[in-house]
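*Asks:* Please read through the structure below; I'll follow up with questions.
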Amino acid sequence: MAEGKLSTGIEGLDEILHGGIPQGFTVLVQGEPGTGKTTLGLQ
């Protein structure tokens, strides 16, 4: 995991985000019903 980033717990998503969600940032997760937004938020 890259320094200053928080892992999403989803390897493929962390790869897309180049190591995870940057610390100190607000992230909006948007998508159709049933796409896993709540699951991601609860992890």
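Only the coordinates and a few stated rules stand behind these numbers; no lab work does. Bear in mind the structure is a predicted one, so any value in this text is a computation, not a measurement. Here the Cβ positions follow ideal geometry from the backbone for every residue, glycine too, while neighbour counts run over all protein chains shown.
*Asks:* Scan region 1-14 residue by residue and report those that are loosely packed, with under 11 Cβ neighbours inside 10 Å and within 17 Å of Gln43 (Cα to Cα).
*Replies:* Result: Met1, Glu11, Gly12.
*Asks:* Residues in region 1-35 that are in contact (Cβ under 8 Å) with a residue 12 or more places away in the chain and of a type in the set (D, E, K, R): how many?
*Replies:* 2
*Asks:* Here are some conditions: (1) assigned to a loop (DSSP other than H, G, I, E, B); (2) out of contact with any strand residue (DSSP E or B) (no Cβ under 9 Å at 6 or more places or on another chain); (3) without any contact (Cβ under 8 Å) to a residue 12 or more places away in the chain. Thr38 meets all but one. Which one does it not meet?
*Replies:* (1)
*Asks:* Give me a count of the residues in region 17-35 that are surrounded by 11 or more Cβ atoms within 10 Å (Cβ to Cβ) and outside any strand (DSSP E or B). Break it down into steps so the answer makes sense when it comes.
*Replies:* We begin by selecting, within region 17-35, every residue surrounded by 11 or more Cβ atoms within 10 Å (Cβ to Cβ); these are 17, 19-22, 27, 29, 35.
Add one more test, that the residue is outside any strand (DSSP E or B), and what stays is 17, 19-20, 27, 29, 35.
So the count comes out to 6.
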